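Heads up, the thing below is written out as structure tokens.
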Amino acid sequence: MAKEKPHLNVVFIGHVDHGKSTTVGRLLYDSGHVDEQTMRKLKDRAKELGKSGFEFAFVMDNLKEEQERGVTIDLAHKKFETDKYYFTIIDAPGHRDFIKNMITGASQADAGVLVVSANKGDGVQAQTKEHIFLSRTLGVSQLIVGINKMDMVQYDQKRFEEVKAEVSAVLKSVRFNPDEIQFVAMASYLGENVMKRSENMPWYKGPTLVEAVNNLKLPEKPTQLPLRLPIQDVYNITGIGVVPVGRVETGTMKIGDKVVIVPGREGKGVHGEIKTIEMHHEQIQTAEPGDNIGFNVRGISKQDITRGDVLGHPDNVPTVATEFTAQIAVLNHPTVVTIGYTPVFHIHTAQVACQVTAIPKKINPATGEVLQENPDFLKNGDIAVVTIKPTSPLVIERQKDIPQMARFAVRDSGSTVAAGMCIDLVKKELK
């Protein structure tokens, strides 16, 4: 089997009208992922709507519309390949796509591209700060900053340096290190320094946007962490027995390993031993993070376990929490979030109704400082620390212990209302 290129999820963030969607559209078009004909149609449509110059932005919006009409679109539309990686691009207008993708693979964005306009009067805006903080709350570890619309400031190096300094100050305030971040001087609408080098900025020696995404590091495989494998499905296969399937999030699993799956049917865990492991219809001896596998376990029946249970080793059993404290960002709630609110939490493969039992503090999304102790409610855009009680046993880990098992999305009547990460928990003792 040909080894696929490594995959990265990249989220595009930034203040409205700073050129986020145009940057994404330009990237897809210049790299041949959107053809001439489609582009021509979008150009005509932009003209018709009196929005000349928006054709690149429509590349993604076009898909959004189809999504809103309920037509499923193959993710390939949003796939983007370089010689090194293939990316799933997530354009975060209402953060909607970001979260959908976050849930589908319980995958986090591995990296973010923050688009900031260099135009006079633009630079760092409220939403720029919030998006930087949001990417922190959602666990994005690598950022690229695209300083866009350089054509509108006559490609002035001084203006680039000003915006870079402004953004760096905000990045520092949320514990990103600006020295490790790539800053790209670009003009997306004209395609300058997106794929092709600009001749108008001879002073700029840094990477183009495509080179910058190619310089991203693959997240290290967390093999040193304890084994965590959330169960996606459980099959009963004639002649083999019970075959659970799932993706290894952290640690490694070998044939012959003694394992425990929690919470399990009784809520106190079920024990077994790994007989075989299979990936892409081939037997393997060891499974590591990122591997999607099916495996056969001795000593466990199909009734004992279900989707959302998590497998680990008996010497480090996955944590079942009776209550946990989380930092959440309210993204898209129709009204307000108050104590007593009980939506469904999606964490790894589990979907469990959980109740908000306390809201100790609301945090300023731009600085992280406490804005209010024990607020009565939370609305869209708020970031807060909340206490949560699952209505049935749930496996979750602290962000500082096993970040891959700490992030979640909150859904209510068909849409994602919040996302966040677990910062502390009360552990249930398994009898």
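Hey, can you tell me all the residues within the range 208-240 that are in a strand (DSSP E or B), surrounded by fewer than 21 Cβ atoms within 10 Å (Cβ to Cβ) and of a type outside the set (Val, Ile, Thr)?
Matches in the range 208-240: 232, 233, 235, 236.
Residues that are surrounded by fewer than 17 Cβ atoms within 10 Å (Cβ to Cβ): list the strands (runs of 3 or more DSSP E) wholly contained in the range 247-298 that include at least 2 such residues. Before the answer, list the steps.
Details: elements: 258-262, 270-279, 282-284, 292-298.
The strands (runs of 3 or more DSSP E) meeting that bar are 270-279, 282-284, 292-298.
May I ask you to say which residue of 223, 238, 252 is of a type in the set (S, T, N, Q), outside the structural domain of residue 405 (by TED's automatic domain parsing) and modelled with pLDDT of 95 or more?
On the way: 223 fails: modelled with pLDDT of 95 or more; 238 fails: modelled with pLDDT of 95 or more.
After applying the criteria, what remains is 252.
If you scan the range 28-51, which residues turn out to be in a helix (DSSP H, G or I), among the basic types (Lys, Arg) and without any contact (Cβ under 8 Å) to a residue 12 or more places away in the chain?
First pass over the range 28-51, keeping only residues in a helix (DSSP H, G or I): 28-30, 36-48.
After this cut, where a residue has to be among the basic types (Lys, Arg) as well, the list is 40-41, 43, 45, 47.
If the condition is that a residue be in a helix (DSSP H, G or I), among the basic types (Lys, Arg) and without any contact (Cβ under 8 Å) to a residue 12 or more places away in the chain, then 40, 41, 47 are the ones that fit.
Quick one: count up the residues across the range 367-413 that are in contact with a helix residue (DSSP H, G or I) (Cβ under 7 Å, 6 or more places away or on another chain) and charged (D, E, K, R).
So the count comes out to 1.
For the range 174-185, does any single residue satisfy the condition of being β-branched (Val, Ile, Thr), in the same structural domain as residue 153 (by TED's automatic domain parsing) and in a loop (DSSP other than H, G, I, E, B)?
Kept after step one, since they are β-branched (Val, Ile, Thr), are these residues of the range 174-185: 174, 181, 184.
When the remaining residues are screened for being in the same structural domain as residue 153 (by TED's automatic domain parsing), the result is 174, 181, 184.
Still in the running and in a loop (DSSP other than H, G, I, E, B): 174, 181.
Checked against the condition, which is being β-branched (Val, Ile, Thr), in the same structural domain as residue 153 (by TED's automatic domain parsing) and in a loop (DSSP other than H, G, I, E, B), the range 174-185 yields at least one hit.
If only one of 423, 383 is of a type in the set (A, V, I, L, M), in the same structural domain as residue 352 (by TED's automatic domain parsing) and either under 20 Å from residue 264 (Cβ atoms) or surrounded by fewer than 18 Cβ atoms within 10 Å (Cβ to Cβ) (or both), which one is it?
It is 423.
For the range 120-128, does any single residue satisfy the condition of being part of a strand (DSSP E or B) and at pLDDT 80 or above? Can you show your working first?
Within the range 120-128, the subset part of a strand (DSSP E or B) is none.
Checking the range 120-128: not a single residue is part of a strand (DSSP E or B) and at pLDDT 80 or above.
Name the residue, out of 153, 174, 140, that is crowded, with 20+ Cβ neighbours inside 10 Å, in contact (Cβ under 8 Å) with a residue 24 or more places away in the chain and closer than 24 Å to residue 9 by Cα.
Working: 153 fails: closer than 24 Å to residue 9 by Cα; 174 fails: crowded, with 20+ Cβ neighbours inside 10 Å.
Testing whether each residue is crowded, with 20+ Cβ neighbours inside 10 Å, in contact (Cβ under 8 Å) with a residue 24 or more places away in the chain and closer than 24 Å to residue 9 by Cα leaves just 140.
I'm told residue 197 meets every condition in (1) touching a residue at least 40 places away in the same chain (Cβ under 8 Å); (2) touching a Ser or Thr at 6+ places or on another chain (Cβ under 7 Å) except one. Can you identify the failing condition by its number?
Result: residue 197 passes all but (1).
Counting residues that are under 17 Å from the mean Cα position of the chain (by Cα), which strands (runs of 3 or more DSSP E) fully inside the range 319-431 reach at least 2? Spell out the reasoning first.
On the way: elements: 320-330, 344-347, 350-363, 370-373, 383-390, 407-412, 415-427.
Filter on the range 319-431 gives 320-330, 344-347, 407-412, 415-427.
Surrounded by fewer than 18 Cβ atoms within 10 Å (Cβ to Cβ) and in a helix (DSSP H, G or I), is that true of residue 205? Talk me through it step by step, then tell me what you get.
Numbers: surrounded by fewer than 18 Cβ atoms within 10 Å (Cβ to Cβ): yes; in a helix (DSSP H, G or I): no.
In short, no.
Given the options 347, 300, 284, name the one that is under 25 Å from residue 219 (Cβ atoms), in contact with a strand residue (DSSP E or B) (Cβ under 8 Å, 6 or more places away or on another chain) and assigned by TED's automatic domain parsing to the domain that holds residue 248.
Numbers: 347 fails: assigned by TED's automatic domain parsing to the domain that holds residue 248; 300 fails: under 25 Å from residue 219 (Cβ atoms).
When all the criteria are applied, what remains is 284.
The values are calculated or read from the model by the stated rules, or taken from the named source; none is laboratory data. Bear in mind that the values here come from a model prediction, so they are computed numbers and not experimental data. No Cβ is skipped: glycine too gets one built from the backbone with ideal geometry, and neighbour counts run over all protein chains shown.
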